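Enquirer: Below you will find the structure I want to go over with you.
The values are calculated or read from the model by the stated rules, or taken from the named source; none is laboratory data. Note that the coordinates shown come from a computational prediction; the quantities given were computed from them, not determined experimentally. All Cβ positions, glycine included, derive from the backbone under ideal geometry; neighbour counts span all protein chains shown. Heavy atoms of the whole protein, side chains included, go into the accessibility calculation; ligands, DNA and RNA do not. Shrake-Rupley method; radii C 1.70, N 1.55, O 1.52, S 1.80 Å.
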Amino acid sequence: MAIRSKVTLLGVLCVIYLSFFVIPRLSSEPEYIDDLEPSWRWQHHSRPLVSPPYLPPPPANDATAALESSIFKSPPPADMVLPAPQSPPGPQQQQKPAAVAADISNDRASPPYAYDPDEKFITFFTHSGFQNQLIQVENGIMLAWYLNRTLILPRALLGEAFGWSYFGKLHLEHMLHDPVKDVTMPAADICEFLADDLAFWDLECPDPTRYAVIPFDEIFDLSWAKEHVRIVLRERSDFEWLDDKYSIKRADVPNLDNGSYVDGDILFFKGATRYDWRIFDTPRKSHRLGKYAESLDIYELRKRKERLIHFSSLFGTGKLPIRRPEHYEFLRSLQRSIIYRHPVVLSVAEKIVNILGGAGNFIGLHVRCGDGWFVNALPENIESTVAQINKALQSRDQQRATGWRMGQRKMGLTECLEKAKSGEETLLYLATDARSPRENEAFEPIFTNFPCTFIFDDFVQPGNSLWQELDGIIDSYSGASLRRFMVPLVDASAASRGWLFVGSKGSTFSGFIYRLHDVFWSNMKKQQQQQQQQQQQQQQQKQQLGFESADER
């Protein structure tokens, strides 16, 4: 009897388990084990890079209900038919206003905007370090492409940055850093005009010598992105500029610090946390939010009729998880296209690389140690860097044992280049935010084991030609040199040209250098293949001509 009772109890438990856990999962849509997220790492594919199909937004409903958070959480109707993938729109098909604005790198000479009531926009506030700003820009381009909206893009902030905060504080920070001020402002300067707001948020007026603001496309190549998304510069951060430039008006709805609501032509998404809304590319009954607070999906956002969708932030590599293959292809192509384009940055980096013997003649490193978690993790990062270098050298039959060079004398560049040719030494280029890394004991394992390690200061010194070239980058608003703000960009470009690149774990800047490295050597491989094909074609043509001459004789 006891055995029968146990069997009955076990059967009941199995039924309960199947009813509550197994059957619901089988009847619902399958969960993806790993969502593809925007990031700096990607796998190389053999198929060529092509523009993915664009899914046009579905027709908006005539009735516009008040925005409630529930509409973004509810599943789509059972009879909802998702639009099928279509071919990429041609230039005539893409949303364009009557007059196309000039390239944002020449924003001060932009032509008058011709009002188009059908044009819809999206914008956000950037924050945090420079590389985190770029991640937000990539998210913004991706979302603008999803929604077929024009992206109003803020400027890049170099130097002293500010972190995430509530919408109101981010808005204030952007207005304080705007290089172009409202000429109707009834005050001597912006800080005097916004004194009450500064006091409310307990902020000080930013020191203009500690930062610089530049349009993103003066630094990065956004040409591929602009073929798929219309991008315009946000010349000023105040709402009056949106009204003056694009007739985007507010309706004096009471301001909310956080949440989502409509005010006139603007749909606001004001996050209460750094990880506010996670935006999905597929509608589902439920989404895995991870560390994010709420979910949105692009199909609901496409229905919105408001002329502007304004996010407080688009922070995070996991902000836009991707499930559709064509969306991943777009992201991959976008990321590979966004590389440095500033002519002076590229010129100085190329000269440093040439001094080191050319691309592929050295190993590039990036060691971050200036702030946050990286300060305490520096010894571990250095140890990992040395181990990765030794492992790579062993695979190249250049075996080295860590620690065998203790007390090795420092060698100059000329001697290092000669020894590198014979395989006696390995050249390293170290990019880092550390001041005087040779005097920092934490870097000793690198300089001791690899005495032919060089840094930016070995090549760019006060008064020399490279220094003067960088010093000639002038802020068109302040007239000050931007040299010190461009040093990390030169560092990254030079380090990416090594035959191997080793970065710092967890660093988004290292991640971007990995991207530069992958793109550079992928392009080099393609060029070599094209040259080989051309040589083969030339040889075939010569052989064919030889056969024809023989036949004539």
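Enquirer: Read phi for every residue in region 354-371 and hand back ³J(HN,Hα) as whole Hz from Karplus 6.51 cos²θ - 1.76 cosθ + 1.60, θ = phi - 60°, with x for Gly and Pro.
Expert: Each residue of region 354-371 in turn: 5, 4, 7, x, x, 4, x, 9, 7, 9, x, 10, 9, 10, 9, 8, x, 7 Hz.
Enquirer: Ordering TRP224, TRP373, TRP277 by how much accessible area each has at a 1.4 Å probe, largest first, what is the list?
Expert: Order by accessible area, largest first: TRP373, TRP224, TRP277.
Enquirer: Now, a different point. If I stretch the segment between ASN440 and ASP475 completely, what's the gain in nm (0.36 nm per residue apart, minus their alpha carbon distance), one decimal?
Expert: Full-extension gain reported as 9.3 nm.
Enquirer: Follow-up. Taking R0 as 45 Å, what FRET efficiency do you get between ASN464 and GLU383 from their Cβ-Cβ distance, rounded to the nearest 0.05? Spell out each step's value before the answer.
Expert: On the way: r = 34 Å, r/R0 = 0.76.
The calculated FRET efficiency here is 0.85.
Enquirer: How big is region 218-331 in terms of Cα radius of gyration and Dmax, in angstroms?
Expert: Every Cα atom of region 218-331 included, Rg and Dmax give 15.8, 42 Å.
Enquirer: Sticking with this structure for a sec: Within region 407-474, which GluC sites (Glu not before Pro) sit in a loop by DSSP and count at most 15 neighbouring Cβ atoms inside 10 Å? Don't jump to the answer; show the numbers that get you there.
Expert: Values: sites: GLU415, GLU418, GLU424, GLU425, GLU439, GLU441, GLU469; in loops: GLU424, GLU425.
Within region 407-474, the qualifying GluC sites (Glu not before Pro) (loop, at most 15 other Cβ atoms within 10 Å) are GLU424.
Enquirer: For ASP276, what accessible area in Å² do you get when you roll a 1.4 Å probe over the heavy atoms of the protein chains, rounding to the nearest 10?
Expert: Rounded to the nearest 10, the figure is 10 Å².
Enquirer: Follow-up question, since we're still on this one. What distance in nm separates the two pseudo spin-label positions at SER347 and GLN544, each 7 Å out from Cα along the beta-carbon direction?
Expert: It works out to 4.3 nm between the two label points.
Enquirer: Starting at the first residue of region 507-516, write each ³J(HN,Hα) from the Karplus equation 6.51 cos²θ - 1.76 cosθ + 1.60 with θ = phi - 60°, in whole Hz, x for Gly and Pro.
Expert: Calculated HN-Hα couplings, in order: 8, 5, 5, 4, x, 5, 5, 4, 4, 4 Hz.
Enquirer: Region 105-214: Rg/Rh from Cα coordinates, Kirkwood Rh?
Expert: Looking at region 105-214, the ratio lands at 0.98.
Enquirer: Please turn the phi angles of region 241-256 into ³J(HN,Hα) values with the Karplus equation 6.51 cos²θ - 1.76 cosθ + 1.60 (θ = phi - 60°), one per residue in order, whole Hz, x for glycine and proline.
Expert: 5, 4, 5, 5, 7, 10, 6, 8, 10, 9, 10, 6, 5, x, 6, 10
Enquirer: Over 5 Å intervals from 0, what percent of Cα-Cα pairs in region 412-553 sits in each interval?
Expert: 2, 8, 11, 13, 15, 14, 10, 6, 5, 4, 4, 3, 2, 1, 1, 0
Enquirer: Kindly report, to the nearest 10 Å², the accessible surface of ASP118 as traced by a 1.4 Å probe over protein heavy atoms only.
Expert: Roll a 1.4 Å probe over it and ASP118 shows about 110 Å².
Enquirer: Let me ask something else about it. Using a 1.4 angstrom probe with every protein chain in place, what is the largest-first accessible-area order of HIS228, HIS127?
Expert: The residues order as HIS228, HIS127, largest area first.
Enquirer: Another question, if that's okay. Would you please give the residues with an amide H less than 5 Å from that of PHE220, counting only those at least 5 places away or on a separate chain, with H modeled from the backbone geometry?
Expert: Counting only residues 5 or more places away or on other chains, the set is ARG341.
Enquirer: Suppose R0 equals 56 Å; then what is the FRET efficiency for ASP257 and GLN530 from their Cβ-Cβ distance, rounded to the nearest 0.05?
Expert: 0.50
Enquirer: Give the long-range amide H neighbours of PHE121: residues separated by 5 or more places, or on another chain, with amide H under 5 Å away, using H modelled in the peptide plane at 1.01 Å from N.
Expert: Close amide H contacts, sequence-distant or interchain: THR150, LEU308, ILE309.
Enquirer: With every protein chain left in place, what is the accessible area per residue of region 198-280 in square angstrom, probe 1.4 Å?
Expert: Per residue, region 198-280 has 43 Å² of solvent-accessible surface.
Enquirer: What figure, in Å² to the nearest 10, do you get for the accessible area of VAL180 with a 1.4 Å probe and non-protein molecules left out?
Expert: The accessible area of VAL180 comes to roughly 50 Å².
Enquirer: Using a 1.4 Å probe on the protein heavy atoms, what percent of the accessible area of region 407-553 belongs to carbon and sulfur?
Expert: Answer for region 407-553 is 44 percent, counting heavy atoms of protein chains only.
Enquirer: Using 0.36 nm per residue of separation minus the Cα-Cα distance, give me the extension gain between TRP224 and LYS285 in nm, one decimal.
Expert: 18.5 nm
Enquirer: Hey, what's region 434-552 come to in accessible area per residue, 1.4 Å probe, Å²? Display every interim value, and only then the final one.
Expert: Details: 6550 Å² over 119 residues.
Using a 1.4 Å probe on heavy atoms only, each residue of region 434-552 averages 55 Å².
Enquirer: Is there a pair in LYS120/LYS226; LYS181/LYS226; LYS169/LYS291 whose C-alpha atoms are over 20 Å apart, and which pairs would that be?
Expert: LYS181/LYS226; LYS169/LYS291
Enquirer: Moving on to the next point. Rg to Rh for region 224-266: what is it, with Cα atoms only and Rh by Kirkwood?
Expert: Ratio of gyration radius to Kirkwood radius: 1.08.
Enquirer: Another question, if that's okay. Order the following by accessible area, largest value first: VAL262, VAL213, VAL345. Probe radius 1.4 Å; ligands, DNA and RNA are ignored.
Expert: VAL262, VAL213, VAL345
Enquirer: Let me ask something additional. Taking H as built 1.01 Å from N, whose amide H comes closer than 5 Å to the amide H of THR453, not counting residues under 5 places away?
Expert: Distant-sequence amide H within range of THR453: LEU428.
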